[in-house]
Structures are given as structure tokens and as C-alpha cells.
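Here the structure is laid out as C-alpha cells; the discussion comes afterwards.
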Amino acid sequence: GAVVSQHPSWVICKSGTSVKIECRSLDFQATTMFWYRQFPKQSLMLMATSNEGSKATYEQGVEKDKFLINHASLTLSTLTVTSAHPEDSSFYICSASDSGSSSYEQYFGPGTRLTVT
Amino acid sequence: GIQVEQSPPDLILQEGANSTLRCNFSDSVNNLQWFHQNPWGQLINLFYIPSGTKQNGRLSATTVATERYSLLYISSSQTTDSGVYFCAVIAQGGSEKLVFGKGTKLTVNP
């Protein structure tokens with residue numbers, strides 16, 4: 001149980017285009033999902049907290065107009081990187097916690113590797 | 001905000017050796033998780049352990065919440081244990097944000 005999927009697993013796009021990444025909780029409902037970014041040989045950095053049915057909360061320094069987050073259902077959150085540039089190339093990972101559990105445990109998706117050329 | 005420090009940053013072992021990874025945190029926590037990040041980037045949940053001791057096969061973990069540290073023990077290490085081990089916590093106080101340490105890179109040589 002507690003499986004989180006991400007799609008796509010990797011994507012290459014041209015500079016100036018937009019890319020959408022999906023994060024799904026497959027066997028539980030998630031009121032809250034989280035989006036992280038990881039650069040090579042570094043730790044995970046929280047970008048934003050995605051709340052079902054409301055606006056996302058972004059961490060300081062993260063451009064909300066560049067990284068659009070939508071959490072339209074209890075099992076799906078999407079991250080859209082708009083007008084992507086080479087510096088946006090990174091590994092993006094989502095996580096979710098089970099809304100039906102009193103535990104704070106979070107489950108992570110397999111990640112999406114974005115390369116902007 | 002809460003600070004999470006992991007040690008050592010790098011660890012090289014021979015297959016069969018045992019190891020202990022440490023995670024110190026600066027404030028009280030609601031959640032502490034240990035992860036193994038495999039070569040493809042997937043974070044594997046090892047333990048959810050805000051307090052107490054748990055064991056799963058060759059791995060075990062202990063969190064002493066009152067002293068603000070957690071230990072991850074790996075016994076009889078195998079080459080497949082190589083990778084980066086992260087500790088992450090959620091501070092008490094209402095936020096659900098998981099704060100990560102910088103990780104311990106483990107290399108197990110045959």
C-alpha cells in the first residue's frame with residue numbers, strides 16, 4: 001500500500017516550452033501533497049505544499065508564476081514548469097501523506113528528471 | 001526552523017561490515033523518517049520512527065526524541081545497500097513540512 005506515482009519519469013524539452021508533471025496517490029487519498037526539487041549530489045529542497053481545492057503554498061524564493069501547481073482531486077497534483085529554461089533542469093519529486101491516517105508519514109513518488117535544452 | 005544534521009557525510013565499507021548513521025535534530029518532532037535513495041533517484045521508505053526502536057531485516061533504527069537524535073543501523077552490509085541515506089523530520093507545531101538532512105553517502109565495496 002501507500003504508493004505514489006509520477007509521470008513522466010523523464011522529459012526533455014526545449015527552452016521556452018512548458019512541461020507538466022503529474023503526481024498521483026494510487027491507493028490512498030491525499031489532502032496535501034508536496035513538491036521537491038533535487039540538484040545533483042544535494043538534498044531535497046521543498047518547493048511548495050499543494051492543498052486539494054485551494055492554492056498552493058510556495059517556499060521562499062520559489063516563483064509561483066513559473067511553477068504552477070494544481071491539486072484538483074484527492075489523488076492528483078500537477079506541477080507545470082512554465083517557459084522552461086536550462087537552469088530549471090533538475091530532478092522533481094512529489095510526496096503525499098494519507099489523509100485517512102493520523103500518522104505524519106510521507107510517501108514519495110519515483111521522481112521526474114527534467115532536461116531543458 | 002528546525003535543523004537536521006546527518007553524520008558521517010560519507011562512509012565506505014567492505015561487504016559484510018556493520019555501520020551506524022546518525023541524525024541530530026534541533027527541536028521536537030512529530031515525524032522522523034529514514035530513506036534510502038537508490039541510483040535511479042527513488043526514495044525508499046526505510047522507517048517511520050518519531051520515537052522508539054524498529055527493525056526490518058538487516059536494518060534497524062532508534063530515535064531518542066528527548067535527546068533529539070536518531071540512529072540507523074545497517075548490519076552485514078551488501079553492495080546493494082550503497083546509495084544515499086536521508087533523515088527527514090517534521091517539527092512539532094502544526095506544519096506538515098518534511099525537512100531533510102544533507103544525507104550520508106554509503107558505498108559498500110565487494
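Couple of notes before you dig in:
- Local electrostatic count at residue A:45 - Lys and Arg +1, Asp and Glu -1, tallied over other residues with Cβ under 12 Å: +2
- Under the combined filter of DSSP loop state and at most 15 neighbouring Cβ atoms within 10 Å, the stretch B:1-70 retains these GluC sites (Glu not before Pro): B:15.
- Semi-axes of the equivalent ellipsoid of the protein assembly as shown are 30, 21, 15 Å, computed as sqrt(5λ) over the eigenvalues of the C-alpha gyration tensor in descending order.
- Nearby lysines by direct alpha-carbon distance to residue B:97 (threshold 20 angstrom, same-chain neighbours under 8 apart not counted): A:55, A:64
- Between residue A:102 and residue A:5, the contour length at 0.36 nm per residue exceeds the alpha carbon distance by 32.7 nm.
- Each Lys and Arg Cβ is given +1 and each Asp and Glu Cβ -1; about its Cα centre, chain A then shows a dipole of about 320 debye.
- Each residue, residue A:72 and residue B:14, gets one label point 7 Å from its Cα in the Cβ direction; the gap between the two is 5.8 nm.
- Which listed pairs, of A:14/A:41; A:41/B:102; A:14/A:66; B:54/B:102; A:41/B:54, have C-alpha distances above 18 Å, in listed order: A:14/A:41; B:54/B:102; A:41/B:54
- Calculated FRET value between residue A:89 and residue B:66, using beta carbons and R₀ = 41 Å, to 0.05: 0.45
- Seen from a random direction on average, the alpha-carbon convex hull of chain A projects onto 7.0 square nanometres.
- Each of residue A:39 and residue A:65 was given a label point 7 Å from its Cα along the Cα-to-Cβ line. The distance between the two points is 2.4 nm.
Any read-out appearing in this document is the output of simple, stated calculations on the displayed coordinates, not a laboratory observation. All values reported here derive from a predicted model rather than from experimental measurement. Virtual Cβ from ideal backbone geometry, glycine too; neighbours counted across all protein chains shown.
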